[in-house]
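A short reminder: the numbers here are calculations on the coordinates, not readings from a lab. Model, not experiment: these values are computed from the prediction. Backbone-built Cβ (ideal geometry, glycine too); neighbour counts: all protein chains shown.
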Amino acid sequence: MRVILIKYGELTTKKGNRNFFVNTLYQNIKEKLKNYQVKITKDISRMYIEFEDSELENIKFVMDHIFGIHMYNIAYVVNTNIEDIKNQVLDILKHKKFKTFKIETKRSDKKFSLTSQEINPLLGSYILNNINDIKVNVHNPDIFVKVEIRENHSYIYTNGHKGCGGYPIGTQAKGMLMLSGGIDSPVAGYLAMKRGIKIDAVYFEAIPHTSLDARNKVIELTKKLASYTNKINLHIVNFTKIQEEIYKKVSPNYTITIMRRMMYRIMEKLANKTSGLVIINGESIGQVASQTLTSMSVINQVTNMPVIRPVACLDKLEIIDIAKKIDTYDISILPYEDCCTVFVPKHPVINPKLDECLKMEERFDYNSMIEEAIDNIKTIKIEDSSNEFKDLL
């Protein structure tokens, strides 16, 4: 019999709140594996998943997309007696190619007759006597065998699978992700979720200046992010009237600054309406004119809501590496412009003045347009890649 043995990692530092984090992880795993034939059990230090062999590869894919898992191993379960343990270790290693190995035993059952220091050489000698042309290497082995001695059953496993780490989603409240079609914002969403934040995504479109292809691009990006959680609400904001009014009434070099201020106003109102506590975006310091510290400060003046910028101090190559890792990069580089790029002026201001912004915003009634935009938001629930959204298109 085999089980998936889950190690918590960072969750073990939580002391008094540890049960809350472990229980949240348990519920997340249970939800993600609801369509599989599994049995999930847990204790304070480990979680165990019994599974059908035919479903293992699919389950491993799911496990690779669950935050809060430090590492997991495919472990063999044997009776806690030395002969069964010896035979299982040998059977595992006979089917693997290696030149060097190491065995490490942890004896949780102190009633077991042998100590860890006695078990390691006993198992090592048994392997050396039954498999040719191999040797022990305690520093850098080709294969690392771990044996956990428990009272009723023991667990044997080799090299593990690295998990996503971080905190289980739902251990923090909800944040509102400004999701464009670019490279940075999906990475920001991923990093926010890694810290346990449940996200709603918000996309600003300006049809006919932006296209349905741009919208579909954002839907596909949301699907990628949704693979790390149970579902994501994607709020689509019609930004056309506001954006057209900005370009009629505002000096060209200030259009991006004013546009971002309008977006932040909408984000705050939408967050208050949907129980979001923070705004999350993909701003990276100095990357474009609206992301200088001066620009960020002036844009931020319109909201009292905290703004989290997970990629703020990463360079573009670091962000691209993460985008490729989470499989959003190829979608992000599709050539469909969003409303942040379709009207970019030749010389956007990099050090905007707050008083200039206020003067320009007095030229049009943005409050009524913001309320209209919020009243007409379309929201879709994205749970997995099989969902279709033809009714919206």
task = Compare the peptides 284-293, 3-12 by average per-residue count of other Cβ atoms within 10 angstrom and give them in order, highest first.
result = 3-12, 284-293
ask   = How much length, in nm to one decimal, is gained on full extension between residue 207 and residue 354, taken as 0.36 nm per residue of separation minus their Cα-Cα distance?
value = 50.0 nm
remark   = Per-residue ellipticity at 222 nm attributable to helices in the chain (runs of n ≥ 4 DSSP H, -39500 (n - 2.57) apiece, nearest 500 deg cm²/dmol) works out to -11500 deg cm²/dmol
query = Once the piece of chain linking residue 244 and residue 35 is laid out straight, how much longer is it, given 0.36 nm per residue of separation minus the C-alpha distance between them?
reply = 70.5 nm
request  = Give the whole-number value, in cubic angstrom per residue, of the convex hull volume spanned by the C-alpha atoms of region 145-243.
outcome  = 128
ask   = Given a Förster distance of 35 angstrom, what is the FRET efficiency for residue 297 paired with residue 20, based on the Cβ-Cβ distance and rounded to 0.05?
value = 0.45
Cα-centre dipole for region 174-392 with unit charges at Cβ (Lys and Arg positive, Asp and Glu negative), debye to 20 = 360
inquiry  = Given R₀ = 35 Å, what would the calculated FRET efficiency be for residue 363 paired with residue 272, taking r from the Cβ atoms and rounding to 0.05?
reply    = 0.85
request  = With no solvent and one equal point scatterer per Cα, compute the Debye intensity ratio I(q)/I(0) for the chain at 0.11, 0.13 Å⁻¹ and report its log10, rounded to two decimals.
outcome  = -0.84, -1.03
inquiry  = Please report the net charge: other residues with Cβ closer than 11 Å to the Cβ of residue 285, K and R +1, D and E -1.
reply    = -1
task = Summarise the long-distance tail of P(r) for region 216-298 by giving the % of C-alpha pairs beyond 23 Å.
result = 36
Size descriptor, Kirkwood hydrodynamic radius, that averages inverse alpha-carbon separations across region 75-187, Å = 16.7
Most fluctuating residue given options 72, 126, 336, as computed from a GNM of the chain linking Cα atoms under 10 Å = 126
task = Compare the Cα positions of 332, 282, 56 along the charge dipole of the chain (+1 at Cβ of Lys, Arg; -1 at Cβ of Asp, Glu; about the Cα centre) and return the one farthest towards the positive end.
result = 56
query = Per q in 0.16, 0.17, 0.18 1/Å, what log10 I(q)/I(0) does a Debye calculation on the alpha-carbon atoms of region 174-392 return?
reply = -1.11, -1.27, -1.45
request  = Could you calculate the FRET efficiency of residue 133 with residue 334 from 1/(1 + (r/R0)^6), where r is the beta carbon distance between them and R0 is 51 Å, rounded to 0.05?
outcome  = 0.50
ask   = How big is D for region 2-162, in µm² s⁻¹ as a whole number, if Stokes-Einstein is applied with the Kirkwood radius of its Cα pairs at 4 °C and 1.567 mPa s?
value = 77
query = Working out 0.36 nm times the residue gap between residue 173 and residue 58, then minus their Cα-Cα distance, what length gain in nm do you get to one decimal?
reply = 38.5 nm
remark   = Two pseudo-spin positions, 7 Å from Cα along C-beta at residue 117 and at residue 71, lie apart in nanometres by 2.4
query = Which of the trypsin sites (Lys or Arg not before Pro) found in region 10-60 are loop residues per DSSP with 13 or fewer other Cβ atoms within 10 Å of their Cβ?
reply = 34
ask   = Can you work out ³J(HN,Hα) from phi for every residue in region 305-320, in order, using Karplus 6.51 cos²θ - 1.76 cosθ + 1.60 and θ = phi - 60°, giving whole Hz and x for Gly and Pro?
value = 7, x, 10, 9, 10, x, 9, 3, 10, 9, 7, 4, 5, 5, 5, 4
query = Taking +1 at the Cβ of each Lys and Arg and -1 at the Cβ of each Asp and Glu, which of 203, 344, 168 sits farthest along the dipole of the chain towards its positive end, judged by Cα position relative to the Cα centre?
reply = 168
